[in-house]
1. Residue check, A:Ser30 against (1) over 12 Å from the mean Cα position of the chain (by Cα); (2) at positive phi, all met but one. Which one?
2. If I filter segment B:275-302 down to residues being touching a residue at least 40 places away in the same chain (Cβ under 8 Å), assigned to a helix (DSSP H, G or I) and within 24 Å of B:Lys197 (Cα to Cα), which single residue comes out as nearest to the other protein chains (Cβ to nearest Cβ)?
3. Name the single residue, out of those in segment B:39-65 being part of a strand (DSSP E or B) and within 14 Å of chain A (Cβ to nearest Cβ), that is most open to solvent (accessible area, probe 1.4 Å).
4. State which residue pairs qualify: first residue within 10 Å of chain A (Cβ to nearest Cβ) and inside segment B:99-114, second residue assigned to a loop (DSSP other than H, G, I, E, B) in any location, beta carbons under 7 Å apart, and separation of 6 or more residues or different chains.
5. Out of (1) buried (at least 18 other Cβ atoms within 10 Å of the Cβ); (2) within 14 Å of another protein chain (Cβ to nearest Cβ); (3) of a type outside the set (A, V, I, L, M); (4) more than 18 Å from B:Ala290 (Cα to Cα), what's the single condition that is false for B:Thr235?
6. Name the residues in segment B:66-98 that are of a type in the set (D, E, K, R), surrounded by 15 or more Cβ atoms within 10 Å (Cβ to Cβ) and either within 21 Å of the chain's Cα centre (by Cα) or more than 11 Å from chain A (Cβ to nearest Cβ) (or both), would you?
7. Here is a list: A:Gln22, A:Gln51, A:Gln3. Which entry is among the polar types (S, T, N, Q), away from every other protein chain (no Cβ under 11 Å) and within 23 Å of B:Phe256 (Cα to Cα)?
8. Would a scan of segment B:144-158 turn up a residue that is within 25 Å of B:Ala228 (Cα to Cα) and either free of Cβ contacts under 8 Å to residues at least 24 places away in the same chain or surrounded by fewer than 17 Cβ atoms within 10 Å (Cβ to Cβ) (or both)?
Amino acid sequence: MGQRYRITETASGASFFCEEGQSVLQAMESQHLGCVKVGCRGGGCGLCRVQVHSGRYECGRMSIRHINAQARELGQALACRLLPHSDLAIEFLGLADSQEPAPAPVSPVMTQQQRQEVSK
Amino acid sequence: MKKGVLRPGHVQLRVLDMTRALEHYVDLLGLIEMDRDDKGRVYLKGWTETDKFSVVLREADEPGLDFMAFKVIDDATLGRLTEDLVAFGCAVESIPAGELKDCGRRIRFQAPSGHRFELYAEKKVTGKWGLAEVNPEAWPRGLKGMRATRMDHALLYGDELPATLRLFTEVLGFSLAEQVLDPEGNRIAQFLTLSMKAHDVAFIHHPEKGKLHHVSFFLDTWDDVLRAADLISMTNTSIDIGPTRHGLTHGKTIYFFDPSGNRNEVFCGGDYHYPDQPTVTWTTDQLGKAIFYHDRQLNERFLTALT
């Protein structure tokens, strides 16, 4: 069996084990705990946002709307994409207001206004 | 169809990881990969669809819906609808033919709900996948996973539902098939159709504009929905709820998520609607039953897990 780490959610005091390579949310669900809300489990919806207070970890791909570069720097993560490499202390935050404005243009097509500006 | 708008044509979805997205949409849902383009987008469709594609996947750092498009009857209709949309107050963007492979010129506009929609008249017809055009067999062999037959509809979350309803009914010719009303008579959900289907697109009130709740794919039978649920377990795919039945539309359904967190539905059955028929109404005090007919309870995830 691989390495196992203890994850502690500080707001509720709940703690559970997470195996190396397993996401924190997956480990929590498999142990029938609910200290972090479960949404899409795919890094998209932002429901399982947590603050990591201590420990080493890496993250899979997460929607920039919910975890932007600054939030990442501050130790925020989506629990469904949070892979521990040591024991972790985390705190459930949940869905935040959007951190990013509307996404990039859907295709490289100019608006009428841009077209007029180019043709000036 | 009153204004020449035919049916849902395509959705463009953002995914965080294209490889994982294709494992989901092709291997699990059973959509057919039809093409790719130099922007890295992948074009898919359900096997019964006769046009070349109905789902376009684009890799991005935020999942969600780029736009949903409806096919119109001909290019003259596209021209007339452009004028009608401008008269309604929409900013209309013109996108040249070929920007999406084998698709004619498109016009794009934003609904008051914050969602981007497109209209187009022409797309390459490739026929039903795996079947001869003449004397077609019942179904093609070699389909994968859930064998989804077609991209059917999308449920979108946003605000300004009354103005969005006016746009879709008065300008685009949709009918209001089903609705949910609160005690003051405010409409918090509107299910709109161009056809006999209970919905081609639906909106639920939500304070943030432009959110995707789910994109839905049609299956033939309740056994197919059960089999889809089995495949969701076999592949350890993130499930939302089901198999169950909706009160609204009475469709038999299962909700689950793609690997980027976009919600999908596969469903079968459900009510039909003709334009002369009265709108089916549910009330907010029965909202749990309206959404999940058996549990009769809304889960928080239904209201908040969006992309």
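1. Condition not satisfied by A:Ser30: (2).
2. The qualifying residue nearest to the other protein chains (Cβ to nearest Cβ) is B:Phe302.
3. Here the answer is B:Glu59.
4. These pairs meet every condition: B:Glu99/A:Ser107; B:Glu99/A:Val109; B:Gly114/B:Lys209; B:Gly114/B:Gly210.
5. Just one mismatch for B:Thr235, condition (1).
6. B:Asp66, B:Lys71, B:Asp84 - these are the residues of segment B:66-98 that are of a type in the set (D, E, K, R), surrounded by 15 or more Cβ atoms within 10 Å (Cβ to Cβ) and either within 21 Å of the chain's Cα centre (by Cα) or more than 11 Å from chain A (Cβ to nearest Cβ) (or both).
7. Numbers: A:Gln51 fails: within 23 Å of B:Phe256 (Cα to Cα); A:Gln3 fails: within 23 Å of B:Phe256 (Cα to Cα).
It is A:Gln22.
8. Scanning segment B:144-158, I find at least one residue that is within 25 Å of B:Ala228 (Cα to Cα) and either free of Cβ contacts under 8 Å to residues at least 24 places away in the same chain or surrounded by fewer than 17 Cβ atoms within 10 Å (Cβ to Cβ) (or both), so the answer is yes.
The values are calculated or read from the model by the stated rules, or taken from the named source; none is laboratory data. Because the structure is predicted, anything quoted here is derived from the model rather than measured. FYI the Cβ positions are ideal-geometry reconstructions off the backbone, even for glycines, and counts take in every protein chain you see. Keep in mind that these areas ignore ligands, DNA and RNA; they rest on the heavy atoms of the full protein, side chains included. Shrake-Rupley method; radii C 1.70, N 1.55, O 1.52, S 1.80 Å.
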